[in-house]
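Some notes on the structure that comes next.
The values are calculated or read from the model by the stated rules, or taken from the named source; none is laboratory data. The structure presented is a predicted model; accordingly, all values stated were derived computationally and were not measured. All Cβ positions, even for glycine, are placed from backbone atoms using ideal geometry, and neighbour counts span all protein chains on display.
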Number of protein chains: 2
Amino acid sequence: MGALDEGHFNVELENGVNIGGCVELGFEGGESESPAIEDAVRVLLLGLGEDINREGIRKTPLRVAKALREGTRGYRQKAKDIVHSALFPEVGLEYRVGHAGGAGGLVVVRDLDLFSYCESCLLPFQVKCHVGYVPSGQRVVGLSKLSRVADVFAKRLQDPQRLANDVCKALQHGIKPAGVAVVLQCSHIHFPNFEAAFLDSNHQGWIKLLVTSGSGVFEDEKADVWADFLSLLQFRGINMVNMHPNSSVDQSWCPSHSFPKIAPANLAMMSAVGSILQSLGEDPLRKELVGTPARFVTWLMNFKNCNLEMNLNGLVRKRRDSLKPNGDVRRGEEHFCSELNLSFWSQCEHHLLPFHGVVHIGYYCAEGVISIGRSLLQSIVHFYGFKLQVQERMTRQIAETASSLLGEDVMVVVEANHTCMISRGIEKFGSNTATIAVLGQFSTDSTARAKFLQSIPSSCQPGV
Amino acid sequence: MGALDEGHFNVELENGVNIGGCVELGFEGGESESPAIEDAVRVLLLGLGEDINREGIRKTPLRVAKALREGTRGYRQKAKDIVHSALFPEVGLEYRVGHAGGAGGLVVVRDLDLFSYCESCLLPFQVKCHVGYVPSGQRVVGLSKLSRVADVFAKRLQDPQRLANDVCKALQHGIKPAGVAVVLQCSHIHFPNFEAAFLDSNHQGWIKLLVTSGSGVFEDEKADVWADFLSLLQFRGINMVNMHPNSSVDQSWCPSHSFPKIAPANLAMMSAVGSILQSLGEDPLRKELVGTPARFVTWLMNFKNCNLEMNLNGLVRKRRDSLKPNGDVRRGEEHFCSELNLSFWSQCEHHLLPFHGVVHIGYYCAEGVISIGRSLLQSIVHFYGFKLQVQERMTRQIAETASSLLGEDVMVVVEANHTCMISRGIEKFGSNTATIAVLGQFSTDSTARAKFLQSIPSSCQPGV
């Protein structure tokens with residue numbers, strides 16, 4: 001536990017357990033043995049009102065434990081070993097004034113995709129990492145080691161500035177160059193809650209933070225070498241305008257801190273999260289972690305399996321009756337309508353990790369009938385989002401409920417970023433999942449489908 | 001060996017060795033035990049004229065063996081196990097006409113970054129993979145499994161069309177859905193040679209191929225469901241214009257096939273590559289692999305440690321004399337010049353994998369003196385590129401040689417994509433490395449450096 005207090009960095013470097021080939025391969029072999037985490041996840045699922053024996057959730061405790069162990073494997077890795085295995089002699093300039101090769105001359109690796117776990121709320125956050133160093137002592141380090149070392153510290157419970165500092169210190173210590181610079185572009189999912197989301201749909205997107213850390217010749221933020229480094233990022237299209245200098249990040253960036261406090265009633269759930277922290281090798285009493293169980297449980301309780309279904313069904317029935325006072329409308333009298341980019345938040349029931357994105361709904365509306373309000377459709381989307389879900393089911397449920405309201409011809413497309421696609425072994429940054437439900441006419445009429453699909457705006461790499 | 005012939009797919013699925021947790025974690029534990037591959041790599045290094053005991057290369061055989069074993073771990077994985085561990089019951093529509101949830105309704109995972117090894121030339125190629133399926137039988141598969149299955153087949157020696165077919169068949173077999181569709185956007189590095197590159201600098205970039213594969217409802221390329229699938233890709237900004245229908249790819253896309261045949265004289269090297277194929281579990285007599293050793297050796301021999309240095313030095317000295325007939329020029333009479341985006345190819349000496357990109361050279365040129373020709377600088381860049389290299393050394397060497405020609409004030413920036421950053425454990429797609437050498441005035445004058453760096457055009461995600 002003490003390994004994660006103030007002095008954890010040196011302790012890790014000097015006394016960490018040698019896990020041999022695992023450092024190189026970046027994965028642990030075999031099944032994770034974390035019964036304490038699995039038990040804790042069962043408590044959380046029960047607190048959410050779930051049946052822990054239902055198919056789909058039955059193995060969720062195992063999956064969560066494996067993902068958490070893997071996602072925090074950095075606690076069991078030593079940055080020093082990684083660097084020392086790949087230091088190569090490399091001469092500097094001969095007969096000339098200046099810096100190059102193994103003696104000066106900046107080396108920068110840009111656009112390394114990483115993810116880490118937010119120590120404030122236990123949700124993963126994405127990191128675009130840029131690392132540079134100025135070689136000295138006639139030696140350079142293998143380029144991939146800059147990435148591996150950054151990954152060792154990302155795979156822990158972190159805060160962006162500490163992550164940048166940890167990476168910087170470890171590289172300075174391991175390579176002993178003239179200096180090291182680290183720039184991290186971090187993206188954290190928003191922290192909406194069920195009720196607020198119904199009132200305000202503008203929560204889509206990410207909280208972004210740019211942090212830097214420098215050592216040696218980079219210690220002075222105004223040093224010329226920083227200007228060189230930032231120039232090399234700028235012509236890769238990396239915008240440094242919103243850059244926070246080291247000192248200005250006084251309070252946590254995590255959106256859970258600005259969230260209206262709801263005292264989670266469920267002490268068993270909070271204690272379960274505490275036991276997860278302990279199982280990962282963390283000290284739940286470390287000051288940054290003291291409030292984490294409450295914040296994580298607050299996040300999770302947004303997705304409690306609640307009984308609002310009846311209310312929503314009542315609302316839908318009432319609205320439908322008011323829309324169709326004159327009985328059925330014939331096909332020829334209808335025109336195509338759509339509501340695009342309705343945002344949603346959900347929680348993957350397989351991994352207890354967020355997925356979020358947008359819903360597009362296409363339908364036919366009778367001539368003369370007032371088009372259905374966007375806000376009601378957004379409410380339906382939120383209603384089915386704020387649960388433990390799978391995207392396929394949510395798509396079907398939204399389509400069925402929308403059909404109760406809009407008639408039999410409905411098509412729904414859901415586009416989502418799944419945190420479980422980046423924050424586990426597969427680490428597929430930038431991947432995006434689309435699901436479709438087609439009801440009535442849309443299931444047989446490919447022209448109608450094409451018309452709707454073509455109306456959806458291009459969304460290359462949405463979100464991040 | 002036979003497992004890789006015509007019927008390898010079923011053999012792999014039914015009789016593959018169960019490697020348990022390794023499939024899930026995607027990595028093998030421990031050190032690779034491949035002395036045969038290491039011996040073969042030593043033969044290749046000797047054939048390239050290298051001293052296999054020099055620091056930097058000493059451990060290259062071990063690194064290459066580990067990378068190859070890891071990069072072809074798909075031979076030791078079973079797609080069926082991956083899918084079967086994550087099939088979940090999911091109902092379809094109730095009381096309505098159409099398709100959704102676990103009974104119809106397309107599910108698509110887009111933009112999965114993978115890499116594979118080209119069976120024609122043994123170089124890695126990049127793959128942007130899009131997978132879709134139509135659920136049936138009231139069940140869906142965990143989304144991440146689409147990525148894991150694709151990865152099992154990518155991590156083998158492949159051809160794009162076969163890779164697409166393998167993934168498609170495995171998912172059809174494992175999920176038993178109404179149909180599976182696979183679209184792969186593949187990018188293969190060009191295949192220049194030393195001499196051609198000096199004559200033609202337009203080789204920069206990638207050879208691209210888009211292939212598709214479909215089963216079940218996707219078997220007919222003209223089926224409506226394909227239009228739905230492609231629409232879902234199009235609004236992610238994926239251009240399907242250059243799409244090759246399955247049947248039109250008659251010959252290998254690999255650029256080595258259109259390469260002027262140079263019979264590699266070194267039979268020992270060819271035999272070494274054959275032994276690598278065998279060690280990976282491949283059959284060197286499989287018809288697609290028969291020519292692979294010759295093609296790989298042809299590629300490799302571009303980077304032979306040759307003795308052209310003397311010639312180049314002669315050229316540089318002659319040119320310099322012609323440029324400075326009147327002795328030294330004072331600083332005030334010089335103006336800033338630059339040559340940007342000089343392309344280069346090189347081979348990473350740590351991993352025997354290509355890295356390539358662009359070189360930018362800034363310098364001061366005396367008033368009235370004819371600016372140095374781009375083609376001579378391009379020749380210098382190629383000269384130092386076509387070797388076993390590290391980027392830091394190449395940057396220094398180009399700067400030193402350019403300085404012999406252009407005077408003491410020279411700045412060189414090299415931007416490179418390293419295949420070793422994507423085709424091994426770290427898999428950092430989109431990462432890019434920049435190195436700088438600063439000579440003379442540039443080493444002390446940050447304004448001069450900034451002026452040069454700002455003249456470099458933005459190159460967001462170059463190459464791919």
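For the stretch B:407-431, which positions are modelled with pLDDT under 90 and either aromatic (Phe, Trp, Tyr) or at negative phi (or both)? If the condition is that a residue be modelled with pLDDT under 90 and either aromatic (Phe, Trp, Tyr) or at negative phi (or both), then B:419, B:420, B:421, B:422, B:423, B:424, B:425, B:426, B:428, B:429 are the ones that fit. crowded, with 21+ Cβ neighbours inside 10 Å, at pLDDT 50 or above and under 30 Å from residue B:422 (Cα atoms): is that true of residue A:67 in this structure? Considered against the rule, which asks whether it is crowded, with 21+ Cβ neighbours inside 10 Å, at pLDDT 50 or above and under 30 Å from residue B:422 (Cα atoms), residue A:67 comes out as yes. Just one of the numbered conditions (1) surrounded by 24 or more Cβ atoms within 10 Å (Cβ to Cβ); (2) in contact with a helix residue (DSSP H, G or I) (Cβ under 7 Å, 6 or more places away or on another chain); (3) more than 9 Å from chain B (Cβ to nearest Cβ) is not true of residue A:448: (1). Checked against the criterion of being acidic (Asp, Glu), within 11 Å of chain A (Cβ to nearest Cβ) and without any contact (Cβ under 8 Å) to a residue 40 or more places away in the chain, the stretch B:48-68 contains one or more residues that satisfy it. Scanning the stretch B:391-403 for residues that are under 24 Å from residue B:190 (Cα atoms), within 7 Å of chain A (Cβ to nearest Cβ) and surrounded by fewer than 24 Cβ atoms within 10 Å (Cβ to Cβ) turns up just one, B:393.
Does residue B:435 qualify as being among the polar types (S, T, N, Q), in contact with a strand residue (DSSP E or B) (Cβ under 9 Å, 6 or more places away or on another chain) and facing another protein chain (nearest Cβ under 8 Å)?
Values: among the polar types (S, T, N, Q): yes; in contact with a strand residue (DSSP E or B) (Cβ under 9 Å, 6 or more places away or on another chain): yes; facing another protein chain (nearest Cβ under 8 Å): yes.
Considered against the rule, which asks whether it is among the polar types (S, T, N, Q), in contact with a strand residue (DSSP E or B) (Cβ under 9 Å, 6 or more places away or on another chain) and facing another protein chain (nearest Cβ under 8 Å), residue B:435 comes out as yes.
With respect to residue A:390, determine if the residue is among the aliphatic types (A, V, I, L, M) and touching an Asp or Glu at 6+ places or on another chain (Cβ under 7 Å). So residue A:390 fits the description; yes. Contact map, the stretch A:130-145: first residue farther than 19 Å from residue B:431 by Cβ, second residue assigned to a loop (DSSP other than H, G, I, E, B) and among the β-branched types (Val, Ile, Thr), Cβ cut-off under 6 Å, separation 6 or more or different chains; pairs are A:134/A:217; A:138/A:91. Residues in the stretch A:218-254 that are modelled with pLDDT of 75 or more, hydrophobic (A, V, I, L, M, F, W, C) and within 23 Å of the chain's Cα centre (by Cα): A:253, A:254.
Scanning the stretch A:73-93 for residues that are facing chain B (nearest Cβ under 7 Å) and either acidic (Asp, Glu) or out of contact with any helix residue (DSSP H, G or I) (no Cβ under 8 Å at 6 or more places or on another chain) (or both) yields a count of 3.
Could you tell me whether the stretch B:88-109 includes any residue that is over 26 Å from residue A:441 (Cα atoms) and under 34 Å from the mean Cα position of the chain (by Cα)?
Looking through the stretch B:88-109, none of the residues is over 26 Å from residue A:441 (Cα atoms) and under 34 Å from the mean Cα position of the chain (by Cα).
Those residues that are among the small types (Gly, Ala, Ser) and either outside any helix (DSSP H, G or I) or touching an Asp or Glu at 6+ places or on another chain (Cβ under 7 Å) (or both), I need them from the stretch A:163-185; list them, please. Steps first, please.
Taking the stretch A:163-185 first, the residues among the small types (Gly, Ala, Ser) are A:164, A:170, A:174, A:178-179, A:181.
Once the filter is applied, which keeps residues that are among the small types (Gly, Ala, Ser) and either outside any helix (DSSP H, G or I) or touching an Asp or Glu at 6+ places or on another chain (Cβ under 7 Å) (or both), the stretch A:163-185 yields A:178, A:179, A:181.
Against the list (1) closer than 15 Å to residue A:233 by Cα; (2) more than 7 Å from chain A (Cβ to nearest Cβ); (3) among the β-branched types (Val, Ile, Thr), the condition residue B:410 fails is (1). Using beta carbons and a limit of 8 Å, which pairs, at least six apart or on different chains, have the first residue in the stretch A:275-292 and free of Cβ contacts under 8 Å to residues at least 40 places away in the same chain and the second one assigned to a helix (DSSP H, G or I)? Cβ pairs passing all conditions: A:284/A:274; A:284/A:277; A:284/A:278; A:284/A:292; A:284/A:293.
Name the residue that is modelled with the lowest pLDDT, counting only residues in the stretch A:84-109 that are surrounded by fewer than 22 Cβ atoms within 10 Å (Cβ to Cβ) and under 18 Å from residue A:150 (Cα atoms). Step by step, filter the stretch A:84-109, then rank; the result is A:85.
In the stretch B:413-423, the qualifying residues are those that are more than 7 Å from chain A (Cβ to nearest Cβ) and in contact (Cβ under 8 Å) with a residue 60 or more places away in the chain, and the one that is nearest to residue B:342 (Cα to Cα) is B:414.
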